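K.L.:
I have a structure here, written as structure tokens, and I will follow up with some questions on it.
Each value in this text was obtained by applying a stated rule to the coordinates, not by laboratory testing. Note that the structure is a prediction, hence the values are computed from the model and not measured. In this analysis, Cβ positions are derived from the backbone assuming ideal geometry, glycine residues included, and neighbour counts consider all displayed protein chains.
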Amino acid sequence: MSKSKKPNIEVRTITATEKPITKAANPTNIENDKGLPWIEPPIQLDGLNTMVEHSTILPQCIRAYKDNIAGFGIGVRYIDDIEETDEMRTEYSKLEAIIDQLNLEMDTKEVFEDIIEAREIFGIAYLEVIRNIAGEVNQIDFIKETKTIRKTAPIGEIVPTEFFYKGQPIIRQKKFRKYKQELNGKTVFFKEFGDSRTMDSRTGQYSEDVDISYQANEILEFVIGSRDYGTVRWIGQSLNVDGSRRAENLNNNYFQNGRHTPLMIIVRGGSLSEESFTKLQSYMDGIKGENGQHSFMVLEVEDTDSKVGFEDDKQPSVDIKDMASILQKDELFQDYLDNSRKKVQSAFRLPDLYVGYTTDFNRATAQTAQEITEQQVFIPERKSLAWAINNKLLNSYGFKHVEVYFKAPDITNPDDMVKILNVTERAGGLTPNIAKDITQKTLGKTSEDYTEKWGDIPLAVSKTQAQHLSATDFDVTTQLDNAIKKATVNEDQDVVAVMKAVKKELLRKEE
């Protein structure tokens with residue numbers, strides 16, 4: 001037998017090279033670049049708009065998102081709760097002016113209401129952003145024709161882009177998309193928000209030699225999900241939306257074409273005369289809708305035999321059978337329609353209270369529904385939208401102390417507030433300033449805090465101190481009375497006079 005050969009083992013020594021080991025400075029994930037210059041939406045956007053228009057529940061859900069996310073207005077606030085400085089006041093006033101002047105055609109919050117509406121219909125919405133000569137955002141316009149916008153994948157060279165974090169500039173590397181709008185035979189090109197290069201709005205090409213009147217504006221998109229054109233929130237319920245529409249059409253068709261005389265006419269021993277048949281046919285053809293509800297008809301029959309006279313047992317007869325039991329009594333598919341509505345609402349995570357169905361609510365359940373919906377739906381949406389404004393739209397201003405936020409409704413339960421205040425007051429945590437602040441906010445008013453020291457002293461502490469001082473004063477007064485009596489017995493008039501003067505002064509201070 002031959003011995004098997006042992007495998008050769010090589011040993012290599014790897015030495016350090018002159019070049020240092022580095023990491024990629026840019027994202028290295030594979031983009032969704034299919035080699036196509038322009039990406040088309042995966043579904044027909046016109047169909048989505050039509051389904052919303054004909055739905056009995058989608059408009060209410062979308063309106064609830066509009067009203068509760070951006071409908072309460074946009075506010076400005078300080079990022080940190082610190083003592084206000086002149087720099088902070090300057091930033092606050094500047095940001096307020098910017099928000100008020102972003103769109104002069106409507107309230108700025110209405111622009112974002114339109115964005116939310118389009119985003120909930122199509123899964124994506126677009127905002128045209130215009131900058132001034134200094135490169136600062138000074139105007140925004142909502143693009144109404146969402147379905148006319150097309151985009152590319154992130155293409156071209158990587159561009160250094162400046163961002164501000166707490167007022168400090170940071171450089172990031174990024175690829176940008178191109179956008180175009182095609183409407184009525186015209187095409188306009190846009191660049192992605194943050195792209196500092198100059199683009200020709202007529203050709204979509206980057207060039208530094210473009211007249212200022214033809215320089216492309218930027219588009220800031222608001223998208224649901226991570227797909228190129230977003231994900232429609234209710235797309236999984238499209239069959240229910242379409243089925244509900246068909247069920248409603250069927251019910252509506254009954255009122256348009258339903259027969260109001262559900263019967264069967266049976267002729268025995270004869271046949272309808274030609275004139276009666278024609279009248280019956282005309283009657284049935286014209287009975288649609290409300291026509292003929294109170295009409296009546298006379299039927300004439302002819303004997304089928306050739307005899308001149310009728311025999312008693314062969315006289316023709318007409319029987320009318322009632323068939324109302326087989327006709328529709330009320331609208332069909334009520335359970336299906338109700339279940340479909342609930343499924344669509346679940347896609348938006350909205351309770352009945354927000355879409356007009358309030359029959360099963362009382363004060364307690366309504367309060368609970370509002371609190372849960374605020375926490376799970378509207379508060380996260382407001383924060384996400386505010387982040388896009390602060391960190392994208394207005395980032396170029398480099399604000400350090402102020403930020404934009406979307407206002408929220410006050411859903412505080414008065415009964416819970418009373419319980420909390422009672423416990424807080426007994427525990428010594430409620431001061432006059434806190435009580436005043438809560439009262440003024442509840443009444444919708446504002447006022448300044450008490451400037452005296454007692455304004456920040458808990459009520460329980462102040463009460464205890466007052467009781468202690470009263471008890472001490474009572475003991476001193478009692479001691480003085482006893483001393484006066486003792487001095488009187490000893491006939492020490494000088495001591496009596498002094499004690500009475502001290503008592504008189506003490507009582508005067510108490511008053």
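K.L.:
Loop only by DSSP, 11 or fewer other Cβ within 10 Å of the Cβ. Give me the GluC sites (Glu not before Pro) in region 156-233 that pass, ordered by residue number.
P.N.:
Hits after loop and neighbour filter: E208.
K.L.:
I need the calculated FRET efficiency for the pair Y165 and R77, taking r as the beta carbon distance and R₀ as 22 Å, to the nearest 0.05.
P.N.:
Approximately 0.75, to the nearest 0.05.
K.L.:
Still on this structure, please answer the following. Just flag the trypsin sites (Lys or Arg not before Pro) in region 145-188 sitting in loop per DSSP whose Cβ has no more than 15 other Cβ atoms within 10 Å.
P.N.:
Hits after loop and neighbour filter: K166.
K.L.:
Determine ³J(HN,Hα), in whole Hz, for all residues of region 94-101 in sequence, where each value follows from phi through the Karplus function 6.51 cos²θ - 1.76 cosθ + 1.60 and θ = phi - 60°; x replaces Gly and Pro.
P.N.:
Once rounded to whole Hz, the list reads 5, 5, 4, 5, 5, 4, 5, 9.
K.L.:
Report, in whole Å, the centroid distance computed from the Cα atoms of region 188-238 and region 335-410.
P.N.:
Centre-to-centre (Cα) distance: 28 Å.
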